[in-house]
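The values are calculated or read from the model by the stated rules, or taken from the named source; none is laboratory data. Small disclaimer: the values here were computed from a predicted structure and weren't measured. Glycine also receives a Cβ, built like all others from the backbone with ideal geometry; neighbour counts cover every protein chain displayed.
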Amino acid sequence: MADSDELRGRLAALETELVHIPSLDPRGLEAAEVRLLGRKQGALTEILKLLPGLPPDQRRTVGGEANRLKQVLEAAVVARKAELAQAATAAAARGLDLTMPGRLRHGGGVHPVTTVVEEIVAIFHGLGFARAGGPEAETEWYNFGALNFPPDHPAMDLHDTLYLDIPDRRGPAERRRNRSSGVASDFERRDLSDRREREQGRWLLRTHTSPVQIRVLQQEPPPVRVVIPGWVYRKDTFDASHAPVFAQIEGLAVDEGITFVDLKATLSHFAREFFGARTSVRFRPSFFPFTEPSAEMDVSCGVCGGKGCPACKGTGWMEILGAGMVHPTVLANCGVDPERYTGFAFGMGPGRIALNRYGIPDIRLLYEGDMRFLQQFGLRAPGELA
(Lines give C-alpha, C1' and ligand atoms only; values in the text may rest on other atoms or scores of the structure.)
Protein backbone atom coordinates (compact mmCIF):
# COMPACT_ATOMS: atom_id res chain seq x y z
CA MET A 1 0.00 0.00 0.00
CA ALA A 2 1.38 3.39 -1.00
CA ASP A 3 2.04 6.10 1.63
CA SER A 4 1.61 9.86 1.28
CA ASP A 5 5.29 10.55 0.55
CA GLU A 6 5.30 8.07 -2.34
CA LEU A 7 2.14 9.57 -3.83
CA ARG A 8 3.50 13.12 -3.50
CA GLY A 9 6.65 11.99 -5.36
CA ARG A 10 4.56 10.53 -8.15
CA LEU A 11 2.52 13.75 -8.37
CA ALA A 12 5.73 15.81 -8.58
CA ALA A 13 6.99 13.58 -11.41
CA LEU A 14 3.72 14.04 -13.32
CA GLU A 15 3.92 17.81 -12.92
CA THR A 16 7.17 17.86 -14.91
CA GLU A 17 5.16 16.68 -17.92
CA LEU A 18 3.63 20.16 -18.15
CA VAL A 19 6.72 21.58 -19.88
CA HIS A 20 6.36 19.12 -22.80
CA ILE A 21 2.67 19.60 -23.55
CA PRO A 22 2.99 22.98 -25.41
CA SER A 23 5.34 21.40 -27.99
CA LEU A 24 3.43 18.17 -28.73
CA ASP A 25 1.94 17.43 -32.15
CA PRO A 26 -1.64 16.10 -32.40
CA ARG A 27 -0.61 12.47 -32.17
CA GLY A 28 1.76 13.07 -29.27
CA LEU A 29 -0.82 15.17 -27.43
CA GLU A 30 -3.42 12.43 -27.69
CA ALA A 31 -0.98 9.85 -26.37
CA ALA A 32 0.01 12.14 -23.46
CA GLU A 33 -3.62 12.78 -22.52
CA VAL A 34 -4.34 9.06 -22.37
CA ARG A 35 -1.16 8.33 -20.44
CA LEU A 36 -1.68 11.11 -17.87
CA LEU A 37 -5.44 11.60 -17.59
CA GLY A 38 -6.95 8.41 -18.97
CA ARG A 39 -10.00 7.24 -17.00
CA LYS A 40 -8.89 3.63 -16.75
CA GLN A 41 -5.10 3.51 -16.72
CA GLY A 42 -4.01 7.16 -16.61
CA ALA A 43 -1.14 7.92 -14.24
CA LEU A 44 -3.19 10.49 -12.29
CA THR A 45 -6.18 8.16 -12.16
CA GLU A 46 -4.01 5.46 -10.58
CA ILE A 47 -2.92 7.91 -7.87
CA LEU A 48 -6.53 8.90 -7.12
CA LYS A 49 -7.44 5.23 -6.73
CA LEU A 50 -4.86 4.90 -3.94
CA LEU A 51 -6.15 7.83 -1.88
CA PRO A 52 -8.71 5.79 0.16
CA GLY A 53 -5.82 3.82 1.69
CA LEU A 54 -4.34 6.92 3.34
CA PRO A 55 -5.21 8.29 6.81
CA PRO A 56 -7.97 10.97 6.66
CA ASP A 57 -5.65 13.94 7.25
CA GLN A 58 -3.13 12.79 4.64
CA ARG A 59 -5.94 11.86 2.22
CA ARG A 60 -7.21 15.45 2.21
CA THR A 61 -3.74 16.91 1.63
CA VAL A 62 -2.67 14.52 -1.13
CA GLY A 63 -6.12 14.57 -2.69
CA GLY A 64 -6.02 18.35 -2.88
CA GLU A 65 -2.66 18.27 -4.63
CA ALA A 66 -3.91 15.59 -7.06
CA ASN A 67 -7.06 17.56 -7.95
CA ARG A 68 -5.03 20.75 -8.47
CA LEU A 69 -2.61 18.92 -10.79
CA LYS A 70 -5.50 17.36 -12.69
CA GLN A 71 -7.01 20.79 -13.36
CA VAL A 72 -3.64 22.17 -14.50
CA LEU A 73 -2.96 19.23 -16.82
CA GLU A 74 -6.46 19.36 -18.30
CA ALA A 75 -6.10 23.11 -18.89
CA ALA A 76 -2.72 22.62 -20.61
CA VAL A 77 -4.14 19.90 -22.86
CA VAL A 78 -7.15 22.05 -23.80
CA ALA A 79 -4.89 25.03 -24.56
CA ARG A 80 -2.60 22.92 -26.79
CA LYS A 81 -5.59 21.46 -28.62
CA ALA A 82 -6.81 24.98 -29.34
CA GLU A 83 -3.38 25.98 -30.67
CA LEU A 84 -3.23 22.95 -32.93
CA ALA A 85 -6.74 23.52 -34.20
CA GLN A 86 -5.93 27.14 -35.00
CA ALA A 87 -2.74 26.08 -36.82
CA ALA A 88 -4.64 23.43 -38.79
CA THR A 89 -7.26 26.01 -39.82
CA ALA A 90 -4.58 28.40 -40.99
CA ALA A 91 -2.78 25.61 -42.87
CA ALA A 92 -6.01 24.52 -44.53
CA ALA A 93 -6.49 28.07 -45.75
CA ARG A 94 -3.08 27.82 -47.39
CA GLY A 95 -3.86 24.42 -48.89
CA LEU A 96 -1.69 22.39 -46.49
CA ASP A 97 -2.70 19.11 -44.88
CA LEU A 98 -0.88 18.75 -41.57
CA THR A 99 -2.23 15.22 -41.12
CA MET A 100 -0.06 13.99 -44.01
CA PRO A 101 3.11 12.17 -42.88
CA GLY A 102 6.30 14.16 -43.23
CA ARG A 103 8.95 13.46 -45.85
CA LEU A 104 11.83 11.86 -44.00
CA ARG A 105 15.33 12.47 -45.31
CA HIS A 106 18.27 10.14 -45.53
CA GLY A 107 21.06 10.95 -43.12
CA GLY A 108 24.52 11.27 -44.61
CA GLY A 109 27.36 8.78 -44.19
CA VAL A 110 30.99 8.52 -45.26
CA HIS A 111 31.62 6.29 -48.30
CA PRO A 112 33.68 3.19 -47.41
CA VAL A 113 36.45 4.13 -49.88
CA THR A 114 36.71 7.60 -48.35
CA THR A 115 36.99 6.01 -44.92
CA VAL A 116 39.75 3.72 -46.15
CA VAL A 117 41.68 6.59 -47.77
CA GLU A 118 41.59 8.71 -44.62
CA GLU A 119 42.68 5.79 -42.41
CA ILE A 120 45.58 4.91 -44.71
CA VAL A 121 46.75 8.51 -44.88
CA ALA A 122 46.54 8.73 -41.07
CA ILE A 123 48.68 5.59 -40.64
CA PHE A 124 51.43 6.93 -42.90
CA HIS A 125 51.14 10.36 -41.32
CA GLY A 126 52.09 8.66 -38.06
CA LEU A 127 55.24 7.43 -39.82
CA GLY A 128 56.21 10.96 -40.88
CA PHE A 129 54.61 11.07 -44.35
CA ALA A 130 53.05 14.36 -45.47
CA ARG A 131 50.03 14.51 -47.78
CA ALA A 132 50.54 15.71 -51.37
CA GLY A 133 48.45 16.07 -54.52
CA GLY A 134 48.67 16.95 -58.20
CA PRO A 135 46.67 17.48 -61.43
CA GLU A 136 44.57 14.71 -62.93
CA ALA A 137 45.30 15.90 -66.49
CA GLU A 138 48.98 15.22 -67.23
CA THR A 139 51.41 15.09 -70.12
CA GLU A 140 52.99 11.91 -71.40
CA TRP A 141 56.32 12.96 -69.93
CA TYR A 142 55.03 13.23 -66.36
CA ASN A 143 52.80 10.16 -66.64
CA PHE A 144 55.28 7.92 -68.50
CA GLY A 145 58.58 9.42 -69.64
CA ALA A 146 59.85 10.76 -66.33
CA LEU A 147 58.90 7.43 -64.73
CA ASN A 148 61.23 5.48 -67.06
CA PHE A 149 58.51 4.02 -69.31
CA PRO A 150 59.99 3.12 -72.71
CA PRO A 151 58.27 4.77 -75.70
CA ASP A 152 56.81 1.44 -76.85
CA HIS A 153 55.44 0.40 -73.42
CA PRO A 154 51.96 -1.24 -73.75
CA ALA A 155 50.50 1.04 -71.06
CA MET A 156 50.88 3.97 -73.45
CA ASP A 157 48.59 2.41 -76.05
CA LEU A 158 45.11 3.83 -76.61
CA HIS A 159 43.48 0.73 -75.19
CA ASP A 160 44.90 1.55 -71.73
CA THR A 161 45.20 5.34 -71.62
CA LEU A 162 42.55 8.04 -72.06
CA TYR A 163 44.17 10.76 -74.18
CA LEU A 164 42.76 14.29 -74.30
CA ASP A 165 42.04 16.07 -77.56
CA ILE A 166 43.40 19.54 -76.71
CA PRO A 167 43.58 21.75 -79.84
CA ASP A 168 46.54 24.00 -80.63
CA ARG A 169 45.41 27.37 -79.31
CA ARG A 170 48.23 29.37 -80.95
CA GLY A 171 47.66 31.70 -83.89
CA PRO A 172 49.99 33.62 -86.24
CA ALA A 173 49.82 36.74 -84.06
CA GLU A 174 51.10 34.78 -81.08
CA ARG A 175 54.43 34.17 -82.82
CA ARG A 176 55.27 37.84 -83.17
CA ARG A 177 58.38 39.23 -81.48
CA ASN A 178 58.70 42.72 -80.09
CA ARG A 179 61.65 43.70 -82.29
CA SER A 180 61.84 47.29 -81.01
CA SER A 181 62.73 46.18 -77.48
CA GLY A 182 64.42 42.90 -78.33
CA VAL A 183 62.39 41.25 -75.53
CA ALA A 184 60.03 38.33 -76.07
CA SER A 185 56.40 39.45 -76.03
CA ASP A 186 53.65 37.77 -73.99
CA PHE A 187 52.67 35.91 -77.15
CA GLU A 188 56.25 34.70 -77.60
CA ARG A 189 56.54 33.52 -74.01
CA ARG A 190 53.27 31.64 -74.43
CA ASP A 191 54.68 30.10 -77.63
CA LEU A 192 57.72 28.84 -75.71
CA SER A 193 55.43 27.38 -73.06
CA ASP A 194 53.38 25.58 -75.72
CA ARG A 195 56.59 24.23 -77.25
CA ARG A 196 57.61 22.75 -73.92
CA GLU A 197 54.20 21.12 -73.67
CA ARG A 198 54.67 19.58 -77.11
CA GLU A 199 58.06 18.22 -76.06
CA GLN A 200 56.34 16.58 -73.07
CA GLY A 201 53.95 14.77 -75.40
CA ARG A 202 50.19 14.53 -75.55
CA TRP A 203 47.82 15.35 -72.74
CA LEU A 204 46.01 12.52 -70.98
CA LEU A 205 44.08 11.61 -67.86
CA ARG A 206 46.67 10.23 -65.47
CA THR A 207 46.72 6.43 -65.25
CA HIS A 208 48.30 6.47 -61.78
CA THR A 209 49.21 8.97 -59.07
CA SER A 210 52.94 8.44 -59.72
CA PRO A 211 53.32 11.72 -61.67
CA VAL A 212 52.91 13.54 -58.37
CA GLN A 213 56.15 11.85 -57.25
CA ILE A 214 57.95 13.65 -60.09
CA ARG A 215 56.39 16.99 -59.24
CA VAL A 216 57.23 16.67 -55.53
CA LEU A 217 60.86 15.74 -56.21
CA GLN A 218 61.17 18.65 -58.66
CA GLN A 219 59.92 21.09 -56.04
CA GLU A 220 61.45 19.75 -52.83
CA PRO A 221 64.98 18.45 -52.21
CA PRO A 222 65.36 15.22 -50.22
CA PRO A 223 64.59 14.06 -47.62
CA VAL A 224 61.03 13.57 -48.91
CA ARG A 225 58.24 11.46 -47.43
CA VAL A 226 54.79 11.92 -48.96
CA VAL A 227 51.57 9.95 -49.36
CA ILE A 228 49.47 10.90 -52.40
CA PRO A 229 45.74 10.01 -52.61
CA GLY A 230 43.81 10.79 -55.81
CA TRP A 231 41.68 9.57 -58.72
CA VAL A 232 43.13 7.80 -61.76
CA TYR A 233 41.66 6.78 -65.12
CA ARG A 234 42.13 3.74 -67.35
CA LYS A 235 40.25 1.93 -70.10
CA ASP A 236 39.58 -1.05 -67.86
CA THR A 237 36.57 -3.32 -68.17
CA PHE A 238 34.05 -2.77 -65.37
CA ASP A 239 33.95 -6.11 -63.54
CA ALA A 240 34.02 -7.51 -59.99
CA SER A 241 37.56 -6.29 -59.31
CA HIS A 242 38.23 -3.50 -61.88
CA ALA A 243 36.81 -0.04 -62.61
CA PRO A 244 37.76 2.55 -65.25
CA VAL A 245 37.87 5.35 -62.65
CA PHE A 246 39.19 4.53 -59.20
CA ALA A 247 41.05 5.95 -56.24
CA GLN A 248 44.74 5.28 -55.75
CA ILE A 249 47.21 6.11 -53.01
CA GLU A 250 50.86 6.61 -53.86
CA GLY A 251 53.71 6.75 -51.36
CA LEU A 252 57.27 8.01 -51.76
CA ALA A 253 60.27 8.18 -49.44
CA VAL A 254 63.65 9.49 -50.67
CA ASP A 255 66.66 10.04 -48.42
CA GLU A 256 70.21 8.92 -47.90
CA GLY A 257 70.62 5.25 -46.99
CA ILE A 258 67.07 3.99 -47.64
CA THR A 259 67.02 0.27 -48.49
CA PHE A 260 64.50 -2.43 -49.38
CA VAL A 261 64.43 -3.38 -45.70
CA ASP A 262 62.87 0.02 -44.95
CA LEU A 263 60.28 -0.62 -47.65
CA LYS A 264 59.23 -4.01 -46.24
CA ALA A 265 59.18 -2.77 -42.66
CA THR A 266 57.04 0.26 -43.55
CA LEU A 267 54.48 -1.68 -45.59
CA SER A 268 54.31 -4.57 -43.11
CA HIS A 269 53.62 -2.07 -40.33
CA PHE A 270 50.87 -0.51 -42.45
CA ALA A 271 49.24 -3.91 -43.09
CA ARG A 272 49.19 -4.80 -39.39
CA GLU A 273 47.83 -1.39 -38.40
CA PHE A 274 45.09 -1.43 -41.03
CA PHE A 275 44.00 -5.06 -41.30
CA GLY A 276 44.96 -6.30 -37.83
CA ALA A 277 47.97 -7.88 -36.19
CA ARG A 278 47.05 -11.41 -37.40
CA THR A 279 46.85 -10.47 -41.08
CA SER A 280 49.11 -12.59 -43.29
CA VAL A 281 51.35 -10.66 -45.68
CA ARG A 282 53.48 -11.82 -48.58
CA PHE A 283 55.78 -10.07 -51.07
CA ARG A 284 56.18 -11.34 -54.64
CA PRO A 285 58.82 -10.26 -57.18
CA SER A 286 57.40 -8.04 -59.91
CA PHE A 287 58.41 -5.44 -62.49
CA PHE A 288 57.62 -1.75 -62.79
CA PRO A 289 59.59 0.62 -65.04
CA PHE A 290 59.98 3.20 -62.27
CA THR A 291 61.29 0.87 -59.51
CA GLU A 292 64.11 -1.64 -59.29
CA PRO A 293 63.86 -4.08 -57.59
CA SER A 294 60.06 -4.26 -57.62
CA ALA A 295 57.52 -6.29 -55.65
CA GLU A 296 53.81 -6.76 -55.12
CA MET A 297 52.34 -7.15 -51.65
CA ASP A 298 49.35 -9.38 -50.90
CA VAL A 299 47.28 -9.80 -47.75
CA SER A 300 45.03 -12.71 -46.87
CA CYS A 301 41.57 -12.20 -48.44
CA GLY A 302 39.09 -10.86 -45.92
CA VAL A 303 36.08 -11.81 -48.06
CA CYS A 304 36.57 -15.58 -48.05
CA GLY A 305 39.13 -15.99 -45.26
CA GLY A 306 41.69 -17.41 -47.68
CA LYS A 307 39.41 -20.09 -49.19
CA GLY A 308 39.06 -18.46 -52.62
CA CYS A 309 36.31 -16.26 -54.09
CA PRO A 310 35.67 -13.98 -57.11
CA ALA A 311 37.11 -10.98 -55.26
CA CYS A 312 40.52 -12.69 -54.86
CA LYS A 313 40.16 -14.70 -58.10
CA GLY A 314 40.13 -17.95 -56.15
CA THR A 315 43.66 -17.54 -54.73
CA GLY A 316 42.85 -16.69 -51.12
CA TRP A 317 45.09 -13.60 -51.40
CA MET A 318 44.20 -10.01 -52.20
CA GLU A 319 46.80 -7.95 -54.04
CA ILE A 320 46.72 -4.51 -52.43
CA LEU A 321 49.80 -2.70 -53.71
CA GLY A 322 52.89 -2.64 -55.88
CA ALA A 323 56.16 -1.25 -54.60
CA GLY A 324 59.90 -1.10 -55.09
CA MET A 325 63.05 0.96 -54.84
CA VAL A 326 62.89 4.15 -56.92
CA HIS A 327 64.76 3.63 -60.19
CA PRO A 328 67.94 5.75 -60.45
CA THR A 329 66.75 7.12 -63.80
CA VAL A 330 63.59 8.47 -62.16
CA LEU A 331 65.66 10.26 -59.53
CA ALA A 332 67.93 11.71 -62.23
CA ASN A 333 64.90 12.90 -64.25
CA CYS A 334 63.81 14.87 -61.18
CA GLY A 335 67.22 16.44 -60.63
CA VAL A 336 68.04 14.21 -57.63
CA ASP A 337 71.52 12.67 -57.44
CA PRO A 338 71.03 8.85 -57.60
CA GLU A 339 74.56 8.32 -56.32
CA ARG A 340 73.70 10.05 -53.07
CA TYR A 341 70.02 9.34 -52.55
CA THR A 342 67.85 6.22 -52.67
CA GLY A 343 64.17 5.77 -52.00
CA PHE A 344 61.15 3.53 -52.20
CA ALA A 345 57.69 4.03 -53.70
CA PHE A 346 54.40 2.16 -53.49
CA GLY A 347 50.91 2.44 -54.94
CA MET A 348 47.66 0.88 -53.73
CA GLY A 349 43.96 0.89 -54.62
CA PRO A 350 41.68 1.85 -51.69
CA GLY A 351 38.72 0.32 -53.53
CA ARG A 352 40.21 -3.18 -53.44
CA ILE A 353 41.29 -2.64 -49.85
CA ALA A 354 37.69 -1.71 -48.98
CA LEU A 355 36.56 -4.98 -50.61
CA ASN A 356 38.94 -6.91 -48.40
CA ARG A 357 38.15 -5.06 -45.18
CA TYR A 358 34.34 -5.05 -45.42
CA GLY A 359 33.89 -8.37 -47.22
CA ILE A 360 32.39 -6.75 -50.35
CA PRO A 361 32.26 -9.33 -53.17
CA ASP A 362 32.03 -6.92 -56.14
CA ILE A 363 33.78 -3.55 -56.61
CA ARG A 364 30.86 -2.31 -58.72
CA LEU A 365 28.79 -2.01 -55.53
CA LEU A 366 31.01 0.94 -54.56
CA TYR A 367 29.79 2.91 -57.59
CA GLU A 368 26.07 2.10 -57.75
CA GLY A 369 24.79 4.30 -54.90
CA ASP A 370 22.37 1.61 -53.69
CA MET A 371 20.91 2.93 -50.42
CA ARG A 372 20.57 -0.58 -48.99
CA PHE A 373 24.28 -1.09 -49.49
CA LEU A 374 25.34 2.34 -48.21
CA GLN A 375 23.21 2.01 -45.06
CA GLN A 376 25.70 -0.60 -43.87
CA PHE A 377 28.43 2.07 -43.77
CA GLY A 378 26.71 4.79 -41.77
CA LEU A 379 23.96 6.02 -44.15
CA ARG A 380 20.76 5.97 -42.08
CA ALA A 381 17.44 4.71 -43.39
CA PRO A 382 14.47 7.13 -43.62
CA GLY A 383 12.99 7.78 -40.18
CA GLU A 384 15.91 6.23 -38.34
CA LEU A 385 17.08 8.33 -35.42
CA ALA A 386 20.59 9.73 -35.51
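Within the span defined as the range 160-171, every residue fails to be modelled with pLDDT under 90, in a helix (DSSP H, G or I) and not assigned by TED's automatic domain parsing to the domain that holds residue 320. Of the residues making up the range 305-357, those that are within 22 Å of the chain's Cα centre (by Cα) and of a type in the set (A, V, I, L, M, F, W, C) are 311, 318, 320, 321, 346, 348, 353, 354, 355. Note on the range 112-126: among residues that are more than 18 Å from residue 213 (Cα to Cα) and out of contact with any Pro (no Cβ under 7 Å at 6 or more places or on another chain), the one that is surrounded by the most Cβ atoms within 10 Å (Cβ to Cβ) is 112.
A single member of 80, 39, 105 is under 30 Å from residue 373 (Cβ atoms), charged (D, E, K, R), out of contact with any strand residue (DSSP E or B) (no Cβ under 9 Å at 6 or more places or on another chain) and outside the structural domain of residue 357 (by TED's automatic domain parsing), and it is 105.
Of the strands (runs of 3 or more DSSP E) lying entirely inside the range 274-341, those containing at least 2 residues that are acidic (Asp, Glu) span 291-300. Exactly one residue out of 258, 228 is within 17 Å of residue 350 (Cβ to Cβ) and modelled with pLDDT of 95 or more, and it is 228. Taking the range 214-236, which residues are touching a Leu at 6+ places or on another chain (Cβ under 9 Å) and charged (D, E, K, R)? Answer for the range 214-236, where residues must be touching a Leu at 6+ places or on another chain (Cβ under 9 Å) and charged (D, E, K, R): 225, 234, 235.
Taken together, the criteria exclude residue 133 from residues that are at pLDDT 90 or above, at positive phi and either touching a Lys or Arg at 6+ places or on another chain (Cβ under 6 Å) or not polar (S, T, N, Q) (or both).
The number of residues in the range 335-348 being surrounded by 20 or more Cβ atoms within 10 Å (Cβ to Cβ) and either not assigned by TED's automatic domain parsing to the domain that holds residue 252 or not aliphatic (A, V, I, L, M) (or both) comes to 6. If a residue has to be surrounded by 13 or more Cβ atoms within 10 Å (Cβ to Cβ) and at pLDDT 80 or above to count, how many in the range 138-159 make the cut? Going through the range 138-159 one residue at a time, the tally reaches 12. Among the residues of the range 7-31, which ones are within 23 Å of residue 59 (Cα to Cα) and exposed (fewer than 15 other Cβ atoms within 10 Å of the Cβ)? 9, 12, 13, 15, 16, listed by residue number. Restricted to the range 32-74, and to residues there that are of a type in the set (Gly, Ala, Ser) and over 13 Å from residue 15 (Cβ atoms), the residue that is surrounded by the fewest Cβ atoms within 10 Å (Cβ to Cβ) is 64.
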